[in-house]
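What follows is a set of notes on a single structure, which appears directly below.
The values are calculated or read from the model by the stated rules, or taken from the named source; none is laboratory data. What you see is a predicted model, and the numbers here were worked out from it, not measured in a lab. For neighbour counting, all protein chains shown are included, and Cβ atoms are generated from backbone atoms with ideal geometry for every residue, glycine included.
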């Protein structure tokens, strides 16, 4: 992948976007608007990412064979639910029509030294949704230390995750290029087909382009595609559409 213009970067980011609404005040009308926005005149986003209670509605709105996938969150955002509760959430989401499960790992348990809690949770959820894409949210802004982010990445991949994802978007520090670099190196060294998803704070095409370039540097050309890379964002689509609609320059990145 070699991006030559803001427009090319925007078009590529669109195809990789998990368009997200995980606001506390989300309602049916917001989901209807999200499903409509996911299908643009420039192409579709990869997926929408929503609360579990809206999966049935989204499936009805998008239809059974939509190119836009439905992702939902479990153990979200605290990462502190019991395994039984998380498995119930997961099975219900799949029954309701979710294609992808974004699982918050028990990151606080990991911070306290309990690696087995992460392994057990990811393995159990993997078994509960064998046909679904399983993204594991590490909450890297809370883990903070590169060594802990690296360990969380290893644990999630070894337990069967299809993606490792930076953040819930609900804490003070969300996606960062530093955390992304660590996670991508773990994916590369695993030699497994595992994807990467930066989430939280990716607001402009310029932001997105930084992550795309980093991923290309670590993983090599032609690695990035919807099955290996997603952006989790709520506001990024606005800037993508602005660029694709005729803007010749990208807005500045958000401080990276």
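Could you check, for region 162-170, whether at least one of its residues is on the phi > 0 side of the Ramachandran plot, under 14 Å from the mean Cα position of the chain (by Cα) and touching a residue at least 40 places away in the same chain (Cβ under 8 Å)?
If we filter region 162-170 for residues that are on the phi > 0 side of the Ramachandran plot, which is where we start, we get 169.
After this cut, where a residue has to be under 14 Å from the mean Cα position of the chain (by Cα) as well, the list is 169.
Checking which are touching a residue at least 40 places away in the same chain (Cβ under 8 Å) leaves us with 169.
Yes, region 162-170 contains at least one residue that is on the phi > 0 side of the Ramachandran plot, under 14 Å from the mean Cα position of the chain (by Cα) and touching a residue at least 40 places away in the same chain (Cβ under 8 Å).
Take residue 13 and decide whether it is closer than 16 Å to residue 229 by Cα, touching a residue at least 24 places away in the same chain (Cβ under 8 Å) and crowded, with 23+ Cβ neighbours inside 10 Å. Spell out the reasoning first.
Values: closer than 16 Å to residue 229 by Cα: yes; touching a residue at least 24 places away in the same chain (Cβ under 8 Å): yes; crowded, with 23+ Cβ neighbours inside 10 Å: yes.
Against the criterion (closer than 16 Å to residue 229 by Cα, touching a residue at least 24 places away in the same chain (Cβ under 8 Å) and crowded, with 23+ Cβ neighbours inside 10 Å), residue 13 qualifies.
Are any of the residues in region 204-217 touching a residue at least 40 places away in the same chain (Cβ under 8 Å) and in a loop (DSSP other than H, G, I, E, B)? Outline the logic, then answer.
Our first condition is that a residue be touching a residue at least 40 places away in the same chain (Cβ under 8 Å); within region 204-217, this holds for 204-210, 212-213, 216.
Retained after the next criterion (residues that are in a loop (DSSP other than H, G, I, E, B)): 204.
Yes; the residues of region 204-217 include at least one that is touching a residue at least 40 places away in the same chain (Cβ under 8 Å) and in a loop (DSSP other than H, G, I, E, B).
State all residues of region 82-106 that are out of contact with any strand residue (DSSP E or B) (no Cβ under 8 Å at 6 or more places or on another chain), over 13 Å from residue 167 (Cα atoms) and in a loop (DSSP other than H, G, I, E, B); if no residue qualifies, say none.
82, the sole residue that qualifies.
Of everything in region 38-57 that's in a helix (DSSP H, G or I) and over 18 Å from the mean Cα position of the chain (by Cα), which residue is farthest from residue 136 (Cα to Cα)? Reasoning before the result, please.
Pass one, region 38-57, residues in a helix (DSSP H, G or I): 52-57.
Add one more test, that the residue is over 18 Å from the mean Cα position of the chain (by Cα), and what stays is 53, 56-57.
Details: 53: 20, 56: 22, 57: 24 Å.
Checked region 38-57; the qualifying residue farthest from residue 136 (Cα to Cα) is 57.
Going by the structure shown, is residue 151 at pLDDT 95 or above, in a helix (DSSP H, G or I) and over 22 Å from residue 46 (Cβ atoms)? Talk me through it step by step, then tell me what you get.
Working: at pLDDT 95 or above: yes; in a helix (DSSP H, G or I): yes; over 22 Å from residue 46 (Cβ atoms): yes.
Taking the combined requirement at face value, the residue satisfies it.
Inside region 155-184, can you point out the residues that are touching a helix residue (DSSP H, G or I) at 6+ places or on another chain (Cβ under 6 Å), in a helix (DSSP H, G or I) and under 20 Å from residue 115 (Cβ atoms)?
Within region 155-184, 155, 156, 157, 179, 182, 183 meet the criteria.
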